[in-house]
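The values are calculated or read from the model by the stated rules, or taken from the named source; none is laboratory data. Bear in mind that the values here come from a model prediction, so they are computed numbers and not experimental data. Cβ placement follows ideal geometry from the backbone for every residue including glycine, while neighbour counts extend to all protein chains displayed. Surface accessibility is based on the protein's heavy atoms, side chains included, excluding ligands, DNA and RNA. Shrake-Rupley method; radii C 1.70, N 1.55, O 1.52, S 1.80 Å.
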Amino acid sequence: MAWRLCGNQVKLWRQDAGVSREQLADEAGYGPETIRAMEQGRRRPTQRLLDIADEMCGARGKLRAASAYLEPERYGPRVREFVTAEAAAIAVHSYQTLLIPGLLQTEEYARIMMSLHCPPLDNDTVERRLAGRLGRQELLTKQDVMFTFVIYEAALRTAIGGPEAMKRQLRHLLKAGEQRNITIQVLPEVRGMHPGLYGPFVLLEMPEFDYCAFEEGQNTSALYAEPEQVSLLLRRHALIRAEALGAEESAEFISRTAEQL
C-alpha cells in the first residue's frame, strides 16, 4: 500500500508538472514500463526515481521524503501486532513445543529456519526477517522485564541445521539462562499427557498489568486480550510450569541433550 501511495504521488506530481512518463524515464535511466510499474505500486519506487521526480516536478522535497516510508517490513504480516505488544510488555511468558523460541534463537538457527521456509522466501525477505528476529532479541537486555520460557523436550532434539548447529543453539540457551531476568525450563516428554500438548503460545503482561496472548499455527495466528481466552491460557501455563523441570534441572537437561547430539 505504501508503494502504491508513493507511486501515485509521483504520477500526480509528474502530470501536474507536465512531465511525460518517457521524459522521467530518460532522466532517471529507467524504461517507461519500469516507471509505470513504480507509479502503480507493482515495484518499489527507488530513491533515484524519487530524487529525479522531485527535482523535475518541483516537489521541493516532498517526493524525496517518501523514501523513509518505503522500507520493507521486517516481520511477516501475521506477527506485526504481536511484536509491537511484545516490545511494550513488562513480562513475557513463552511456551514452545517443537522450535526454540524466537527470542532465544541463534542467528544460525533462525537463518536455517527461514531459508527452509515453505513456500520459499526470496533472499531479501530472509535477510529482512532475520534482522527483525535478531533485533527483537535486544528486549532480553531490559533488566526490568521478566522472561520465562518453557520449552518442550522435542524442541531440544529437533536438530535444525544438524547436530553441530543444534549443539551451538543449546549452548546459547544455557548462556541466556544465566541472566537474572530470564528463566528457562524444560518440559520432559516423560510427563505424558499435559496441557502443553495443545500447542505453543505466548502470554504478555502489559504495563497496565493486564494480559494479552498470542497463538500461531500453520496458516492462522491471533493476538487477543479477551479475559476468557487469556484466563484459559494463564491456567494452562501455570500447569505447564508446574510439570516442567526447575531452572537448574533444566540447565542440566539441556547440557546432557547437547552432549547426546
Cα centroid of the range 9-73 to Cα centroid of the range 77-154, whole Å:
36 Å
Heads up, the range 141-219 by the C-alpha gyration tensor (a ≥ b ≥ c square roots of eigenvalues; a/c under 1.5 rounded, else a/b over b/c prolate, else oblate) looks oblate
Return one whole number: the accessible area per residue of the range 1-136 in Å², for a 1.4 Å probe.
55 Å²
Heavy atoms of Tyr30 accessible to a 1.4 Å probe, total area in Å² rounded to 10
60 Å²
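Take the solvent-accessible surface of the protein heavy atoms, probe 1.4 Å, and return the percent of it on the chain that carbon and sulfur atoms account for.
Carbon-and-sulfur percentage of accessible area, whole number: 51.
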How much accessible area per residue does the range 189-256 have, counting only protein heavy atoms and a probe of 1.4 Å, in square angstrom?
61 Å²
As an exercise, identify the trypsin sites (Lys or Arg not before Pro) in the range 154-261 lying in DSSP coil whose Cβ has no more than 14 other Cβ atoms within 10 Å.
Arg180
Cys118: accessible area at probe 1.4 Å, nearest 10 Å²?
120 Å²
Using only DSSP helix segments of four residues or longer, with each worth -39500 (n - 2.57), what per-residue ellipticity at 222 nm results for the chain after dividing by its residue count and rounding to 500?
-14500 deg cm²/dmol
What is the dipole size for the chain, taken about its Cα centre, with +1 at each Lys and Arg Cβ and -1 at each Asp and Glu Cβ, in debye to the nearest 20?
440 debye
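Give the ranking of Val126, Val190, Val79 by solvent-accessible surface, highest area first, calculated with a 1.4 Å probe.
My answer, sorted largest first, is Val190, Val79, Val126.
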Ratio to report: Rg/Rh of the range 115-261, with Cα atoms as the point set and Rh obtained by the Kirkwood method; give two decimals.
0.96
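Provide the percentage of antiparallel DSSP beta bridges, counting only those with both residues in the range 113-232; round to the nearest 5. All intermediate terms of the calculation are to be shown ahead of the outcome.
On the way: 8 of 14 bridges.
Among the beta bridges of the range 113-232, antiparallel pairing accounts for roughly 55 percent.
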Assign one of three labels to the range 1-49, namely rounded, prolate or oblate, based on the Cα gyration tensor with a ≥ b ≥ c the square roots of its eigenvalues; rounded applies when a/c is under 1.5, prolate when it is not and a/b is larger than b/c, and oblate otherwise.
oblate
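Which three semi-axes in whole Å describe the equivalent ellipsoid of the chain, each the square root of 5 times a Cα gyration tensor eigenvalue, listed largest first?
Details: eigenvalues 433, 83, 47 Å².
Three semi-axes, in Å: 47, 20, 15.
Order Glu248, Glu164, Glu39, Glu243, most accessible first, counting only protein heavy atoms with a 1.4 angstrom probe.
Values: Glu248 150, Glu164 100, Glu39 10, Glu243 70 Å².
Sorted descending by solvent-accessible area, the residues read Glu248, Glu164, Glu243, Glu39.
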Counting only the heavy atoms of the protein chains, how much of Glu259 is accessible to a 1.4 Å probe, in Å² to the nearest 10?
140 Å²
Per principal axis, largest first, the Cα atoms of the range 28-172 extend in Å by 61, 35, 22
